[in-house]
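Novice: So that we are looking at the same thing, I have put the structure below in structure tokens.
The values are calculated or read from the model by the stated rules, or taken from the named source; none is laboratory data. The shown structure was predicted, so the numbers you read here are calculated from the model rather than taken from an experiment. All Cβ positions, even for glycine, are placed from backbone atoms using ideal geometry, and neighbour counts span all protein chains on display. SASA here: full protein model, heavy atoms, side chains in, ligands and nucleic acids out. Shrake-Rupley method; radii C 1.70, N 1.55, O 1.52, S 1.80 Å.
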Amino acid sequence: MTLGPLAIPRLRRYGTRLAVVLAAVLLALGLGEWAVRRLLPAFDPSGQVRLVRQGELVLGVPDSRARQRKNTGDYDVGVRFGPRGFRDPRDVAEAQPSDLLVVGDSFAFGWGVEEDERWSNRLEVHSRQRSFNIAMPGQNLDGYDRLLRHARALGSRSVHLIVSLCMENDVGLYARLGAEVPAVPPTALRPVGFWIPAAKSWLGERSALFGLFTEGIHRAGPLEALAESAGLVQPNLGAVGMEQVSETAIAATADRVAALAQGYETTILLVPSRALWLERSATEADHTHRVLVAALVARGLVVVDPRAAFEATGEPLAVHFAKDGHWNERGHRIAAQCLAHR
């Protein structure tokens, strides 16, 4: 099929108009980005918490300060990284045998709360015993092991360890120590629709305008509901309690924790799953919770479980942020009290 003599000029006109529109859109977005960064610096992603890979570890930028801000409005707090890239002003290399060493994921890191509000800092006040917090977001028990080995390599001599064990993220089929773990292609782990959270994460790390836009959606109830129905926003409790936890995974997790605890006087602080307090998953989650606690105790581990204290408030979900699964200041305070009363 060939184009007639009049079609080519018409296509050129349409192409020119499209190019002008795209240029205008890009210019408007660029000006908007500049204006938001200039007038509303809180939305500037360059000032947000940034973790960097250092060998087999992912740590904060040493001796830096940043902010941690949630576009739902749940929190806006300062984060200070110490000399080793941990959220701790002290150098873990100076930890003595009498000091506490704290390891875990974002719950122990203090995601969304000020440093002095998290449970490890509160426990230090209660116990009058120095604590060194080497927790890092996004880790599991294998990651905790790498962090502990790193702390020992730096010179830490602490023998008192508290492991924060998250029931929503840390229970899994861990390989036995020394066993070869087969590599799994990352694409095999990506669910359908993976591009949506990936695109949101990419934009959130780079665009102040995107941060302002998404916060506006979350602050407007009808728009947030519309975004959830379209699959663009994941409801806070949407995936909680939907997974099945096998007895094999529970046993493997307990074995991995016991291996992690070797060489330390160890206390396990449980982070109960929110599935315990959802009607659709309460029965299964209660079974998993009880079986895991029993498995840990059977391996000689000391377990501090704040579940009962959370439930005693009458609103156990209220110790978490309204639109974020992490503990708020109240949750950290209760967890610290449970540890102090151990």
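Novice: I'd like the Kirkwood hydrodynamic radius of the range 226-342, using the inverse of the mean 1/r over distinct C-alpha pairs, in Å.
Specialist: Mean inverse Cα-Cα distance, inverted, gives 15.7 Å.
Novice: Based on the alpha-carbon set only, what is the convex hull volume of the range 273-342 divided per residue, in Å³?
Specialist: 88 Å³
Novice: In whole angstrom, note down how far apart the Cα centers of the range 127-157 and the range 249-288 are.
Specialist: 19 Å
Novice: What are the radius of gyration and Dmax of the range 56-154, computed over its Cα atoms and given in Å?
Specialist: Rg, Dmax (Cα atoms, Å): 13.1, 42.
Novice: At a probe radius of 1.4 Å, what is the per-residue accessible area of Y264, in Å² to the nearest 10?
Specialist: 30 Å²
Novice: In what order, largest first, do M242, M136 sit by accessible area if the probe radius is 1.4 Å?
Specialist: Largest accessible area first, the residues go M242, M136.
Novice: Where the centre of each part is set by its Cα atoms, how far does the range 301-342 sit from the range 50-93, in angstrom?
Specialist: Between the Cα centres of the range 301-342 and the range 50-93 lies a distance of 23 Å.
Novice: May I ask you to order 331-340, 13-22 by the average number of other C-beta atoms within 10 Å around their residues, highest value first?
Specialist: Output ranking for 331-340, 13-22: 331-340, 13-22.
Novice: Regarding the range 19-85, what is the average projected area of its C-alpha convex hull, in nm²?
Specialist: 7.0 nm²
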